[in-house]
Amino acid sequence: MQAWWSELAPLNQVFYGVAVFFSVLFLWQFITTLIGLSDSADGIAQDDLSADDVGPDVDGGPHDHGIVAFKLLSVRSVIAFGMLFGWAGALYLDAGLSIEDSVLRGVIWGGAGMALVAYFFYKVQHLSESHNRNLSSCIGNEGEVYIDIPENGAGQIRVMESGAVNYISARSKDGQPIQNKTPVRVLRTLDTITVEVEPI
């Protein structure tokens, strides 16, 4: 093993080092997720977050694209990038490709893994939210606009739902815009993730 390692080029040693390091992190997160030690995408227990710490999550608006971009840089995505980048770079270099080609293909593999992991957890989160939420418990409750509700569009409100404060996608009753911090009342549910509100 030592002889094999010493015969590797310095760059290949770096590739293997990166691959092993991130592979260990990946396995650790995978195992802790299976046994329930990690409740969120980045190993942060949801119970440790207050309502003010929860990031907004609006479907179909420009803010949603920002959340996707943020998730692309989440811990699990970075780990996936490092693991695939390291293994791909090392194996391509072993196969006789040039340094430039090995690094380029490593970046491609790492980027693909990063995007797939981000997309997977993004979809899992939305699937979980749509199944676990009980928006009917919000009807009649008063809340506050968290992200401006545009004209004939969806924004977000902060309101009590199932006994806890949550951020929920919302549309105004008459399609009129409602500004941030405006008190509102929930009138009805529009779908599994959106409610209709009116200013108080």
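Please treat every number below as a calculation from the coordinates, not as lab data. Only a predicted model underlies this, so the values are computations on that prediction, with no experimental measurement involved. Quick reminder, even Gly has a Cβ in these numbers, built from the backbone with ideal geometry, and neighbours come from all protein chains shown.
Here are a few things to note about the model shown:
- Spin-label pair Trp4/Leu190, simplified geometry with 7 Å Cα→Cβ offset, distance in nm: 5.9
- Put in order of Cβ neighbour count within 10 Å, fewest first, the listed residues Met83, Met160 become Met160, Met83.
- Fewest-first ordering of Trp4, Trp28, Trp109 by other beta carbons within 10 Å of each residue's beta carbon gives Trp4, Trp28, Trp109.
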